[in-house]
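J.: This is the structure, below, for whatever I ask next.
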Amino acid sequence: MDENTIIINGNRLTVQPDETILETARRNGIDIPTLCHLKGAIPTGACRICVVEVEKARSLMPACTTPSQPGMVVHTESPEVVVSRRMSLELLLASGNHNCAVRKSDTGSFTAFQLEVQKYDNTDDLCPVWGDCELQDLAYRYQVSGEAFESTAPRYPMETVNPFIVRDFSRCVLCGRCVQACNDIQVNNAISFGYRGSDAKIVAGGDRALKDSDCVFCGECIQACPVGALVEKDSRYVWRPWEARKIRTTCSYCGVGCQLTLHVRDNRVIRVTGTEDSPPNNGSLCVKGRFGYSFIHSPERLTSPQIKENGKFREASWDEALDLVARRFTEIRDAHGGDAMGVLTSARVTNEDNYLANKFTRAVLKTNNIDHCARL
């Protein structure tokens with residue numbers, strides 16, 4: 001065997017320096033499922049979903065933390081691997097309110113469980129991330145039932161006091177991705193693991209609500225969460241992936257140019273996520289970019305030009321309004337000079353629009369009086 005190759009599922013692959021088995025596999029289009037792995041963060045191997053069989057190894061190895069060594073022979077879906085993954089998934093599904101319909105529907109316990117979850121959630125709907133949950137996807141993939149072990153009742157109440165984020169501890173699988181997203185990706189250091197053993201919990205600032213901690217509500221934790229433990233407050237039980245279409249656009253709040261994915265239903269934006277693997281933000285957003293979209297559908301937005309006459313506004317056509325503005329600007333500039341006027345733009349429009357406003361102010365109005373107002 002070549003000194004720089006590894007065999008995964010019978011495929012001879014080249015190993016790159018400092019690469020893990022998971023990275024080698026994904027780079028070559030071989031799927032190894034994970035729950036705790038977060039791109040850009042230090043792998044932990046906590047969930048044990050990514051275990052693989054390495055020939056001559058004494059036990060199954062976590063692909064996300066095991067370096068690819070030349071000469072390795074790896075099996076990602078061997079019978080032993082599948083048994084291990086099924087066991088891990090069964091334990092996770094038994095720990096909390098994972099009502100993703102992977103339980104045996106022919107038993108009375110399923111109905112009782114669903115009723116308890118609905119009471120806890122205060123809704124008749126199924127899980128708020130139904131169809132967008134990695135745990136659910138894996139449960140279907142490996143045909144795992146949530147009834148293999150006795151269910152564990154939620155230990156902590158749902159946290160709904162935050163302005164943008166609902167924290168549902170009953171669905172948290174303690175994968176740690178939110179902690180890594182907060183501390184390693186965004187470097188806000190607002191949350192961490194708290195307590196030990198069966199009392200383990202993701203805590204913020206001495207186990208306080210997010211609104212009372214150092215959290216800046218960037219929402220990076222929501223985007224990293226693989227289950228329904230962290231959900232946007234305004235889109236919870238409103239957004240469903242199969243009901244919305246995705247539209248990629250550029251955030252207009254500042255000049256960075258972050259890439260957004262708008263989730264649109266009935267011509268209304270119901271959720272915003274960062275566009276993964278796309279510069280300059282690579283999926284990360286600030287509080288404005290992720291949550292500041294309610295103004296789009298605000299009833300206070302003007303839908304037609306307004307001209308003020310005798311102290312009152314009236315609707316006008318665009319031609320009439322633009323002719324009036326052009327005439328008055330010209331009169332003021334010619335009579336009093338360009339510095340008698342100023343232009344106020346917005347941080348909510350694109351760089352291109354602000355550039356045009358800048359050119360218009362300096363080249364047409366003949367003044368440098370231009371500024372902008374930025375607010376959420």
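J.: So which lysines can Lys366 reach, going by Cα to Cα under 29 Å and dropping same-chain residues fewer than 8 places off?
T.: Lys308
J.: Tell me, how many Å apart are the Cα centres for region 299-376 and for region 50-103?
T.: Using only Cα atoms to place each centre, the spacing works out to 61 Å.
J.: Now for a different question. Hey, rough spin-label estimate for Asn368 and Lys308, points 7 angstrom out along Cα→Cβ, what's it come to in nanometres?
T.: Computed distance between label sites Asn368 and Lys308 equals 2.9 nm.
J.: Same structure again: Taking only the alpha carbons of region 241-297, what extent do you get along each of the three principal axes, in Å, biggest first?
T.: Largest to smallest, the principal-axis extents are 29, 24, 14 Å.
J.: Here's another thing I want to ask about it. In 10 Å bins starting at 0, how do the alpha-carbon pair distances of the chain split up by percent?
T.: 4, 18, 24, 21, 14, 9, 6, 3, 0
J.: P(r) for region 126-237: what percent of alpha-carbon pairs falls in each 5 Å bin, starting at zero?
T.: Using 5 Å bins, I get a P(r) of 2, 11, 21, 26, 20, 12, 5, 2, 0 for region 126-237.
J.: Right, next: Given bins 5 angstrom wide, list per bin the percent of all Cα-Cα distances in region 5-77, short to long.
T.: With 5 Å bins starting at 0, P(r) equals 3, 19, 32, 27, 15, 3, 0.
J.: If I take R0 = 22 Å and measure r between the Cβ atoms of Leu115 and Ala200 in this structure, what FRET efficiency does the formula 1/(1 + (r/R0)^6) give, to the nearest 0.05?
T.: The value I calculate is 0.20.
J.: Using packing as a proxy for protection, rank 135-142, 266-273 so that the peptide with the highest average count of other Cβ atoms within 10 Å comes first.
T.: Top of the packing list down: 135-142, 266-273.
J.: How much FRET efficiency would the formula 1/(1 + (r/R0)^6) give for Asp31 and Phe329, where r is the Cβ-Cβ distance and R0 is 35 Å, rounded to 0.05?
T.: The value I calculate is 0.05.
J.: Right, here's the next one. Can you list which of the GluC sites (Glu not before Pro) found in region 290-376 are DSSP loop residues with at most 16 other C-beta atoms within 10 Å?
T.: Answer by residue number: Glu300.
J.: Which order do the peptides 235-241, 19-25 come out in when sorted by mean C-beta neighbours inside 10 angstrom, highest first?
T.: Ranking the peptides 235-241, 19-25 by packing returns 19-25, 235-241.
J.: Here's something else I'd like to know. Going by a ≥ b ≥ c, the root eigenvalues of the Cα gyration tensor, does region 209-273 fall in the rounded group (a/c under 1.5), the prolate group (a/b larger than b/c) or the oblate group?
T.: It comes out oblate by the Cα gyration axes.
J.: While we're looking at this one, here's another question. Please compare each pair in Lys233/Lys288; Lys312/Lys359; Lys39/Lys288 to a cut-off of 22 Å on the Cα-Cα distance and tell me which ones are over it.
T.: Too far apart for the 22 Å limit: Lys312/Lys359; Lys39/Lys288.
J.: About its Cα centre, what dipole magnitude does the chain give when the only charges are +1 on Lys and Arg Cβ and -1 on Asp and Glu Cβ, stated in debye to the nearest 20?
T.: In total the dipole reaches around 620 debye.
Only the coordinates and a few stated rules stand behind these numbers; no lab work does. Computed from a predicted structure; not experimentally measured. When we count neighbours, we look across all protein chains shown, and the Cβ atoms used for this are built from the backbone with ideal geometry, even at glycine.
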